[in-house]
Amino acid sequence: MANRLGTQLFISRLSSYTTIERLETLFSPFGSVSEARLIRDPKTQRPKGFGFVTFQSPDEAKKALQAMDGRIVDGRLIFVEFAKTSGHGVDAASR
């Protein structure tokens, strides 16, 4: 990648059974997780099927991406990519 790698990963296709604690446990072997978030519907509070994991360094995030992208977690094939950033923060999805 030409531009600097970030420290935040976007994880999509998560099971509705995946918890924040589970995300932290899954990604912590690759480095120090500073934040794990699951995005929920504001009205129903049900998970939307995606979330973010932030690491202390870009190298840790890169290792996690390479190891976790395409793995099956809680019965679902997940996709991991670097979160897209804009001038105002993080764009949730690139779709």
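Just to be sure I understand the filter: pairs with C-beta atoms under 7 Å, separated by 6 or more residues or on different chains, first member in the stretch 49-61 and more than 9 Å from Leu38 (Cβ to Cβ) and acidic (Asp, Glu), second member part of a strand (DSSP E or B) and at pLDDT 95 or above. Which pairs pass? Nothing qualifies. Taken together, the residues in the stretch 34-57 that are open to solvent by less than 40 Å² (accessible area, probe 1.4 Å) and more than 13 Å from Arg13 (Cα to Cα) amount to 5.
Counting residues in the stretch 40-51 that are modelled with pLDDT of 95 or more and within 20 Å of Thr7 (Cβ to Cβ) gives one or more. The selection criterion, being polar (S, T, N, Q) and within 18 Å of Val73 (Cβ to Cβ), does not hold for Thr44.
Looking only at residues in the stretch 58-68 that are in contact with a Leu (Cβ under 9 Å, 6 or more places away or on another chain) and under 14 Å from Ile11 (Cβ atoms), which one is surrounded by the most Cβ atoms within 10 Å (Cβ to Cβ)? It would help to see each step written out before you state the result.
Start the filter on the stretch 58-68 by keeping residues that are in contact with a Leu (Cβ under 9 Å, 6 or more places away or on another chain), which leaves 58-59, 61-62, 64-65, 68.
Then drop every residue that is not under 14 Å from Ile11 (Cβ atoms), which leaves 61, 64-65, 68.
Values: Ala61: 25, Ala64: 22, Leu65: 21, Met68: 19.
So, considering only residues that are in contact with a Leu (Cβ under 9 Å, 6 or more places away or on another chain) and under 14 Å from Ile11 (Cβ atoms), the one surrounded by the most Cβ atoms within 10 Å (Cβ to Cβ) is Ala61.
The lone criterion from (1) closer than 23 Å to Leu5 by Cβ; (2) modelled with pLDDT under 95 left unmet by Pro58 is number (2).
Looking only at the stretch 3-33, residues that are open to solvent by less than 60 Å² (accessible area, probe 1.4 Å) and either at positive phi or touching a residue at least 40 places away in the same chain (Cβ under 8 Å) (or both) come to 14 in all.
The set of residues in the stretch 37-68 that are among the small types (Gly, Ala, Ser) and assigned to a strand (DSSP E or B) comprises Gly49, Gly51.
The values are calculated or read from the model by the stated rules, or taken from the named source; none is laboratory data. These numbers were taken from a predicted model, which means no experiment stands behind them. Please note: Cβ atoms are built from the backbone with ideal geometry, for glycine as well, and neighbour counts cover all protein chains shown. Ligands, DNA and RNA are excluded from the accessible area calculation, which covers all protein heavy atoms including side chains. Shrake-Rupley method; radii C 1.70, N 1.55, O 1.52, S 1.80 Å.
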